[in-house]
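See structure below.
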Amino acid sequence: MHADSTTNPVTATTERKAAALAAFKDLARDPGVPKPDPILVVDKVVRRFGGLTAVEVEHVEIQRGSITALIGPNGAGKTTFFNQLTGFDTADAGEWTFKGRPMNGVPAHKVARAGMVRTFQLTKALSRLTVMENMRLGAQQQKGESFFRALLPNLWRGQEDEITERAEDLLTRFKLAAKRDDFAGALSGGQRKLLEMARALMVQPELVMLDEPMAGVNPALTQSLLGHVKDLREQGMTVLFVEHDMDMVRDISDWVIVMAQGAVIAEGPPDTIMSDPRVIDAYLGAHHDAPLSETELQEQLHEAEAELEAEIEEETQK
Amino acid sequence: MDWVTIISTTVKAAVGVETVLYALAAIGINVHFGYTGLLNFGQAAFMAVAGYGLAVTVTVLGLPFWVGIGVGLLAAVLLAIILGIPTLRLRADYLAIVTIAAAEIIRLIFRSVAFKNVFGGSDGQRGFSDGFYALNPFPEGDYGFGWFTFNNRVTWVLFVGWILIALSCLIVYLLMKSPWGRVLKAIREDEDAVRALGKNVFSYKMQSLILGGVIGALGGFIYGLAFASVQPDIFGTETTFFAYTIVILGGAARVLGPVVGSMIFWVLLVLVNGILSGAVEAGYLPFMAPTQVGPVRFLLVGIGLILLLVYRPQGIFGDKREIAIDAR
Amino acid sequence: MRRAVIAFTAFLSGLVLLLTAPAQAATADQGLRGTLTFQGQPVNGVKIVVTTESGQPVAQVTTNAQGTWQVPVEKAGRYKVTLDVATLPKNAAVRGGNNVRTPTVYEGNMSTVLFALQPKGAPGQPAEEAGGEGSFWTQAAQLAFEGLNLGLIIALAALGLSLIYGTTGLTNFAHGELVTLGAILAYAFNVGVGLHLIPAAVIAVILAGGLGYAQDRFFWGALRKRGTGTIAMMIISIGVALFLRYVFLIFFGGQNEAFAQYTAQPGIEIGPISAAPKNFVAMGIELLVLIVVGVALLRTRTGKAARAVADNPALASSSGINVDRVIRIIWTMGGAIAALAGIMLGLSQNLKYTMGQDILLLIFAGVTLGGLGTAFGALVGSLIVGLFIQLSTLWVPPELKSVGALAVLIIVLLFRPQGILGRRERIG
């Protein structure tokens, strides 16, 4: 059951972590500060919804081999920004490169193939597929995924066995091996998060982008999830993740980028970033918790609410 | 009431021409809807372009039978591509509306007076099946055993039809066991997740649309050949809806579901028809006119479809657990 | 054995007949009929008015896409048949100039009435050329008027469909049957009970609203509680549509019918537009209802709640809106105005058990063009569809007029998948 994992989730500084921290050591705390060895470089990405500018990122770089957290109040445009970078939504303007390769306008599946794989805020376990089938799906360049070769099992069976073996290793590491033949829909919320992360690893990515990996996970599982995220760096991957819980951000990230109202407003190491006045302003200055893109809806609802209240008052006065 | 005739026609319906052509249409829909989650409500159009492709090639252009089959299949593939490019990026409900609209466009064009000299207007086309019956290896006479006895023409149609069903099922079985089928099923669950794993979702949906459309097209051929004619109104939206009923009856995402579904659907329809007609003729149902028998059975199809989805959405072969997991 | 073969072939041919039946089922046993063709093409949309010899109105019909028309009559005898020349294609005229026929209908027989058409001014009238441009615009105005009428009817039906979609996620394929239901209920009270059409229509609309309420209370609401998925509900609605359609066929029959009043009205002309007064009144009613519903959505508490629910049911629910109640009100209102659409449709065309099914795709086109789930999008989309359908007959044969509208639907979705007024969805 227990794989001899390379690191204990709660180990102190490892070699990789030390390397990452060294890279960040002398960096300025300005938004868009250049990194020594960036894997992802973003320039002037803009996304508007009607009159609302959801994302307007001037410049940002992600250091290779590090764990970078992307934080910000609700409606700051973090998920929208993720969607732009991974090809799930088209940016109105801007360009970005991954490993020096321009990625703007590249469709989502090609982004993933290039080695930039994401997970979703609302977990997307493929419910009516088994856990093992979920895992196998992640493998790239499968011979059996072409229509005509699929009809001749002999052509793809060998590769399928290799994939299965790799999937079993990962499942063991993520403690899901016992569930391999269950439908993914039967897993608990936390297990689905684990499965989604493990599945993303089947792609063998270089950059893993996690959208709120801890959301909706019970506290017992968070430590193990944290461990897995740290593990990714130990295996040489770069991690960019969106998170709200500052304790976790402090625990696992090497560098933090803060977004507010669509723009990157500050960057810095996790232990000092929250004392940055720009960040405090952004968090306290945010008027309400609702996603900004739904202001209109809010207004409507407030109106309706106000009228309802008025009516209730009228009725109680009678 | 003539029970012998009623039961014998009912039993024969289990393997009859309707069962065959609707089974093929339903296997196609099962690929689209059952495995890929594509709500193609234009399956009748695939049958129509195939049937008309064959009919027009042979009668209007005067080309041989096999060329007509080729044209029909090509027409189905082309239709899938033309239909797929604008619609496969749409949400499921938009896709349903667009495919049903496209099918209506095709039907209206086939029946229009403007193209009467090509498609034959609302009368359709006939006289294109000689090439098919010339290949008939069964000499004049009746074939079969017991109640399953058909004349040589029908026997030939059924023989070819059931071979096509078997082949289609085999292909669907092999594909859905393979990594290709896994991608399809994953798209049915959540296409964004599949995209995030580096699969070209659009391409797979298109392949699925073409495969299911071509299998449906075989149903169109069988119709045209068995009745030696094609008419535009045969390929209306209700044909598609009946095929959906069959898929759900048999169990979506099950290889043999559509085939068994089609057999049960037609057995029930013919049985109800026989009993009702017999009862009306014998005067047991004084409140019903003979012409009301037809509507009553389709009314029952409607009720059946509702009850199935409410009480047994997994159909006959489906797995209750699979449905229960993801009710949304 | 032979017998079985015969029975089987009989069944097969019966099936073919049955599947092709709707076209032939309409044959009435006693009445008048005819076919209009012009230069080898059937002529669609020509108004034929039938009265008794003494001038009592019997029926007013328009020719269908095959150029045919028919009017069933109750008594044998002589009738007066008038062809409304204003509704002929711009370049066609009745040969001989006489547009009135007085045929005799014999007991149990269909009497065929002949109107031969020829190009206008065929015996050498060069003046026609000069008037060509003018008559194009006249015809365009006339068609725009008819398109507006059709668009308003579609909008009535589309509004309910769109709001139901918005609040419950149900793409209701049985909505067309709600349209038919309204027309048939009104017909039942009008012709069956013998009420004047206006009270009959009011009763029908109220009843249909009640049935809409009941449908949600006892059927769709219960399904929602069970957690039935939206796709499953969509397919269930197909079952409902099939069920209702064939119930209508059994009780109403396969023939065309008309209301007892307002069938034969002489047309009046306003500028380039000529139409029966009933069309103007109908449009007025349609507009009024649409405005009232629109204002209600914008101004009333329930209306605002309805739009809030359509935008985000969970959020609306958590802000204290009784979502179930709102949905029930929408179903009631949707059923009622769909019924009104059916009555208006029956007034401008004929009643038939498939009338709702025939218009359903146009309703969908209107709703989808505007953006699924947006009330005002449905209005705009429906008007565009109605206008487009009628105006397209300037260039395409009338029988293909729906093709253009459906093609435009597909093309719009290609470039703007969220519809004209719809919003894009957020991913992730």
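The values are calculated or read from the model by the stated rules, or taken from the named source; none is laboratory data. Here the structure is a predicted model, which means the values were calculated and not measured. Backbone-built Cβ (ideal geometry, glycine too); neighbour counts: all protein chains shown. SASA here: full protein model, heavy atoms, side chains in, ligands and nucleic acids out. Shrake-Rupley method; radii C 1.70, N 1.55, O 1.52, S 1.80 Å.
Given chain A, what percent of its DSSP beta bridges are antiparallel, to the nearest 5?
60 percent
Could you state how much accessible area is buried at the B-A interface, both sides summed, with a 1.4 Å probe, in Å² to the nearest 100?
Approximately 3000 Å² gets buried when B meets A.
At a probe radius of 1.4 Å, figure out the A/C buried accessible area, summed over both chains, and give it in Å² to the nearest 100.
Separately minus together, A and C give about 1700 Å² buried.
Using a 1.4 Å probe on protein heavy atoms only, how many Å² of accessible area do B and C hide from each other, summed over both chains and rounded to 100?
For chain B against chain C, roughly 5700 Å² becomes buried.
Given the convex hull of the Cα atoms of region A:130-186, what is a quarter of its surface area in nm²?
The directionally averaged projection comes out at 4.1 nm².
Just subtract the alpha-carbon distance of B:ASP123 and B:ILE7 from 0.36 nm times their residue separation and send over the number in nm, one decimal.
Full extension of this stretch gives 38.5 nm more.
In nanometres, what is the gap between the two model label sites at C:VAL295 and B:ILE82, each 7 Å from Cα along Cα-to-Cβ?
Result: 4.8 nm between the two label points.
For peptide B:234-240, how many partner chain Cβ atoms fall within 10 Å of a residue's Cβ, on average?
Other-chain Cβ atoms within 10 Å of each residue's Cβ, averaged: 3.
Order the following by accessible area, largest value first: C:GLU53, B:GLU191. Probe radius 1.4 Å; ligands, DNA and RNA are ignored.
These residues rank, largest area first, as C:GLU53, B:GLU191.
For region A:172-229, count all C-alpha to C-alpha pairs, find those more than 13 Å apart, and express that count as a whole percent of the total.
Pairs farther apart than 13 Å: 61 percent.
Within the protein assembly as shown, what whole-number % of the accessible surface is contributed by carbon and sulfur, with the 1.4 Å probe and all protein chains included in the calculation?
Its accessible area is 60 percent carbon and sulfur atoms.
Past 29 Å, Cα to Cα: identify those pairs from A:LYS110/C:LYS225; A:LYS44/A:LYS143; C:LYS278/C:LYS401, in the order given.
A:LYS110/C:LYS225; A:LYS44/A:LYS143
Report which residues of region B:272-312 become buried by 40 Å² or more of accessible surface when going from the isolated chain to the complete set of protein chains (1.4 Å probe; DNA, RNA and ligands ignored).
For region B:272-312, once contacts with the other chains are taken into account, B:GLN292, B:PRO295, B:PHE298, B:LEU299, B:LEU305, B:ILE306, B:LEU309, B:VAL310 lose 40 Å² or more.
Shielding by partners for A:117-126, please: the mean number of other protein chain Cβ atoms within 10 Å of each residue's Cβ.
5
Based on the Kirkwood radius over alpha-carbon pairs, what is the Stokes-Einstein translational diffusion coefficient of region B:3-323 at 10 °C with 1.306 mPa s viscosity, in µm²/s?
Rounded to a whole number, D works out at 78 µm²/s.
What is the ratio of the Cα radius of gyration of the protein assembly as shown to 2.2 N^0.38 Å, with N the residue count, to two decimals?
Taking N as the residue count of the protein assembly as shown, the ratio is 1.05.
If you take every DSSP beta bridge fully contained in the protein assembly as shown, what fraction is antiparallel? Give it as a percent rounded to 5.
75 percent
Other chains' Cβ within 10 Å of C:293-300 residues: what's the mean?
If you average over the peptide's residues, the count of other-chain Cβ atoms is 0.
How large is the translational diffusion coefficient of chain A in µm² per second when you combine the Kirkwood radius over alpha carbon pairs with Stokes-Einstein at 10 °C and 1.306 mPa s?
Using the Kirkwood radius from Cα pairs, D works out to 75 µm²/s.
Rounded to the nearest 500, what is the 222 nm mean residue ellipticity of chain A from helices alone, with -39500 (n - 2.57) per DSSP H run of 4+ residues and division by all residues?
-12500 deg cm²/dmol
Which positions within region C:393-407 get 20 Å² or more of their accessible surface covered by the other protein chains, compared to the chain by itself, with a 1.4 angstrom probe?
Correct list: C:GLU399, C:LEU400, C:VAL403, C:LEU406.
Measure off 7 Å from each Cα along the Cα-to-Cβ vector at C:ILE411 and A:LEU122, then give the distance between these two points in nanometres to one decimal.
With each label placed 7 Å out from Cα toward Cβ, I get 3.5 nm.
What are the residues of region A:136-161 that lose 50 Å² or more of accessible area, with a 1.4 Å probe, going from their chain alone to all protein chains?
A:LEU137, A:GLU145, A:PHE147, A:LEU151
Provide the per residue accessible area, probe 1.4 Å, for the protein assembly as shown, rounded to a whole number of square angstrom.
With all protein chains present, the protein assembly as shown gives 40 Å² per residue.
Could you work out which residue, out of A:PRO153, A:PRO213, A:PRO36, moves most in a Gaussian network model of chain A, that is, has the largest mean-square fluctuation with Cα springs under 10 Å?
Ranking A:PRO153, A:PRO213, A:PRO36 by mean-square fluctuation puts A:PRO153 first.
Please list, short to long, the whole-number percent of alpha-carbon pairs of region C:135-427 in consecutive 5 angstrom bins beginning at zero.
Final binned percentages: 1, 6, 11, 17, 19, 17, 13, 8, 5, 2, 1, 0.
Mind giving me the nanometre distance, one decimal, between the label points for A:GLN223 and B:ALA134, set 7 Å out from Cα along Cα→Cβ?
8.2 nm
Can you give the net charge of the other residues whose Cβ lies under 14 Å from the Cβ of A:VAL45, counting K and R as +1 and D and E as -1?
Net local charge, A:VAL45 excluded: -3.
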